[in-house]
Each structure stands twice: as structure tokens, then as C-alpha cells.
Amino acid sequence: MTISVYDVTVPVFTRMLTNLLAIMDKAEASAAERKFDTKVLSDMRLSPDMIPFRGQVMIATDHVKGCVCRLAGREIPSWPDTEHSFEELRARLNKALDLLATIKPEDLDGSESREVTLKLGGQDVTMPGLTYLTERALPNFFFHVTTAYAILRHGGVPVGKRDYIG
């Protein structure tokens with residue numbers, strides 16, 4: 001059995017971003033029920049030195065667009081990181097989902113060996129596409145989606161593992 005790069009990127013990213021949208025719906029409903037603005041959740045952090053919820057969403061979507069575009073040999077679109085409200089964050093998540101919908105399996109054929117160059121610690125680091133995917137893109141994506149989930153859970157949003165997994 002062969003697993004393609006497409007199989008471990010587009011459907012996985014799509015599912016997790018869709019789940020995050022559903023979690024945000026629950027967060028919005030919870031905020032309305034408890035009578036506070038979702039801006040509180042958007043700015044919430046797990047620790048004072050951590051990036052807030054909104055930043056976690058921005059970075060997760062940055063990893064999505066960076067990953068699929070690098071592996072497909074496409075230019076990475078530039079999205080300003082200006083989202084603050086849930087509405088703006090939802091729009092960004094939907095923009096990432098729209099981008100994923102443009103990626104076809106053949107766009108990623110052979111990308112496991114395509115060289116990917118990243119700036120890490122101010123230095124250019126080049127690696128094969130599969131190494132980039134498994135050691136950089138996927139772990140970073142899941143870290144930020146998980147942290148976004150954890151921030152909302154910590155903020156009292158009634159979500160659990162089923163919401164995260166979908």
C-alpha cells in the first residue's frame with residue numbers, strides 16, 4: 001500500500017481546520033451564554049509568554065499554506081496577520097480551506113523528494129519534501145491547532161477530544 005503526500009496533507013489539514021471552525025462555533029455559543037465578548041477568547045493565552053488564540057489560528061493556517069504550496073512548487077500567498085475577531089479568524093480558516101481545495105493529488109506527486117528551503121534561526125536550511133512534511137510542517141500545524149483547542153478549553157468552552165478529532 002502506498003500513502004501519498006496528498007493523502008497526509010490536504011485531507012488532514014482540511015479535517016482539522018474544519019474541526020477548529022466547529023470548535024469556534026461552540027466557543028461563540030458559550031461566550032453568548034455566559035455573556036462575554038469572544039474577543040476575550042481571541043486574546044486568551046495559556047501562559048503570559050505564549051501566543052494568544054488568534055495567533056495560534058494564524059500560525060496554523062500559515063503552516064497549511066506554506067506546506068502545500070512549497071510541496072506543490074507554488075508561490076506561498078501572503079496573508080497579513082491582522083485578524084482579531086472570531087469573524088476574521090473564521091474568514092482566514094476558510095481562506096486556507098479554499099486554498100486546500102485547489103490542490104490536487106497530482107500537484108504533490110514527487111514532492112517527497114522536492115527540495116524545500118526554510119529560514120531556521122536566520123539560516124537557510126534545505127531538506128527533502130518528506131522530511132519537511134514529517135519533521136516541520138505537520139508537527140508545527142498540530143502544535144498550533146492543539147494549542148488553539150487547549151486555549152478555548154481552558155477558557156471554559158465545553159469541548160472535548162471528539163470535537164478536536166471530529
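The values are calculated or read from the model by the stated rules, or taken from the named source; none is laboratory data. Source: prediction; values computed, not measured. Neighbour counts are summed over all protein chains in view; Cβ atoms, including those assigned to glycine, are modelled from backbone coordinates with ideal geometry. Surface accessibility is based on the protein's heavy atoms, side chains included, excluding ligands, DNA and RNA. Shrake-Rupley method; radii C 1.70, N 1.55, O 1.52, S 1.80 Å.
So here's what we get for this one:
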| read-out | value |
| --- | --- |
| Sequence-distant lysines (8 or more away, or on other chains) whose Cα lies within less than 17 Å of residue 161 | 26 |
| Listed peptides 115-126, 63-74, 5-16 by packing density, highest first (mean Cβ within 10 Å) | 63-74, 5-16, 115-126 |
| Residue among 79, 147, 108 farthest towards the positive dipole end of the range 32-150, charges placed on Cβ | 147 |
| Percent of Cα-Cα distances greater than 25 Å, calculated over the chain | 33 percent |
| Label-reachable residues, the range 1-21, where backbone N falls under 17 Å from a point 7 Å from residue 140's Cα toward its Cβ | 9-10, 13 |
| Added length on full extension, which subtracts the Cα-Cα distance from 0.36 nm per residue, residue 14 to residue 120 | 35.5 nm |
| Partner aspartates and glutamates for residue 104 [C-alpha distance under 12 Å; skip if fewer than 8 residues away on the same chain] | 7 |
| The chain, accessible area per residue, ligands and nucleic acids excluded (1.4 Å, Å²) | 53 Å² |
| Residue 3-residue 95 FRET efficiency (beta carbon distance; Förster radius 30 Å; 0.05 resolution) | 0.65 |
| Accessible area of the range 1-151 belonging to carbon and sulfur atoms, whole % at 1.4 Å probe | 54 percent |
| Computed label-point distance, nm, for sites residue 150 and residue 45 using a 7 Å Cα→Cβ extension | 1.5 nm |
| Model label zone, residue 130; criterion: amide N under 11 Å from point 7 Å along Cα-to-beta-carbon; scope the range 34-76 | none |
